[in-house]
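See structure below.
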Amino acid sequence: MTEAIDFVMKGRIDGAEITPTTINFTRFNEFNQQVEDFVAGSDRRGTRKKLLLDTVFVQVHSGSYRLRVAMSIAMLASVEPEVRLLTRDNALSRLDEQRAKIVEKWQSKAKSHDDLSFEIRISRSDGRETPVIHIGTDTNFQRIEVSQWIPFETYFLGEVYDIGGENPNVHIRLSDTGETHIVQTDKDTLRNLEKNLLYQRTLLHVTGEQDQSGELRKLRLLEFVSYKPDYDEAALRRFIAEGREAWADVPDAAAWVRDLRGG
């Protein structure tokens, strides 16, 4: 199955509208090379890049100058998340470096020509809509210093939808948000599991790093936690009774809390 990404340059330069028949050779080569570099990303060089791009096909369409890049679903999966990042002004701080430089060049060129803009538009065979990325005089993509990463520890509750591998990890989809995370572990931990957790609701105790935006990285499993979704009603009644006893000498709990807060 083949997907596609349209890279569009539109508007007027020196009074002439940009179309497949009016674009000059220099601008044609420059834009096509930038599209190629954007698709490949900065981590693919030399032979790897050539082999990768050998599986990608292009078409030139009318409607300004539109270069359609057709690719496999697997290839699209490596590009689409970065395209989606461009829905935020601070995207350049998190974008692949090569792709970030290209976006900066397009934005700079658009700001120097009032009637010039660029678009990135993903077309999926399954009909799922993705945001159209516009780059023009009204955009303000910036490099904002990435927040400090802080160690954290938490619990993930969700369904394990993949587990194991040569570099062992656990893929979990969180029950409350639907977010997916990949948590690193080791072979011994997985080997010693008493039951198969695949497609089971599981509680993971994990550690990692988090920035102020809430993004997580370097997730590692500390332990699989025994998870019992049914609460202990007897224990709950005991906790309620203990709470009532602790507050027995306070006639108005709400007033007491307000007084502690200073009114």
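Give the residue, chosen from VAL83, VAL79, that is of a type in the set (Val, Ile, Thr), modelled with pLDDT under 90 and part of a helix (DSSP H, G or I).
On the way: VAL83 fails: modelled with pLDDT under 90.
The unique qualifying residue is VAL79.
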Which of the residues that make up region 1-41 are under 15 Å from VAL60 (Cβ atoms), part of a loop (DSSP other than H, G, I, E, B), in contact with a strand residue (DSSP E or B) (Cβ under 8 Å, 6 or more places away or on another chain) and not hydroxyl-bearing (Ser, Thr, Tyr)? ILE18, PRO20, ILE23
Return yes when PRO151 is open to solvent by 80 Å² or more (accessible area, probe 1.4 Å), more than 19 Å from VAL79 (Cβ to Cβ) and touching a residue at least 12 places away in the same chain (Cβ under 8 Å) and no when it is not. yes
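Among the residues of region 87-116, write down those that are without any contact (Cβ under 8 Å) to a residue 24 or more places away in the chain and open to solvent by 30 Å² or more (accessible area, probe 1.4 Å). It would help to see each step written out before you state the result.
Taking region 87-116 as the starting set, the residues that turn out to be without any contact (Cβ under 8 Å) to a residue 24 or more places away in the chain are 88, 95, 101, 108-109, 112, 114.
Within region 87-116, ARG88, LYS101, SER108, LYS109, SER112, ASP114 meet the criteria.
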LEU222: passes all of (1) farther than 12 Å from PHE156 by Cβ; (2) at pLDDT 90 or above but (1)
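Can you tell which of GLN148, GLN142 is polar (S, T, N, Q) and either under 30 Å from HIS205 (Cβ atoms) or in a helix (DSSP H, G or I) (or both)?
Values: GLN142 fails: either under 30 Å from HIS205 (Cβ atoms) or in a helix (DSSP H, G or I) (or both).
GLN148 is the lone residue from the list that is polar (S, T, N, Q) and either under 30 Å from HIS205 (Cβ atoms) or in a helix (DSSP H, G or I) (or both).
Does region 154-179 hold any residues that are among the β-branched types (Val, Ile, Thr) and open to solvent by 70 Å² or more (accessible area, probe 1.4 Å), and which are they? Don't jump to the end; show me each part of the working.
Going residue by residue through region 154-179, those that are among the β-branched types (Val, Ile, Thr) are 154, 160, 163, 170, 172, 177.
The answer is THR177, and nothing else.
The values are calculated or read from the model by the stated rules, or taken from the named source; none is laboratory data. Quick caveat, the model's predicted, so the values are computed rather than measured. So basically every Cβ, Gly included, is an ideal-geometry build from the backbone, and we count neighbours across all protein chains shown. Keep in mind that these areas ignore ligands, DNA and RNA; they rest on the heavy atoms of the full protein, side chains included. Shrake-Rupley method; radii C 1.70, N 1.55, O 1.52, S 1.80 Å.
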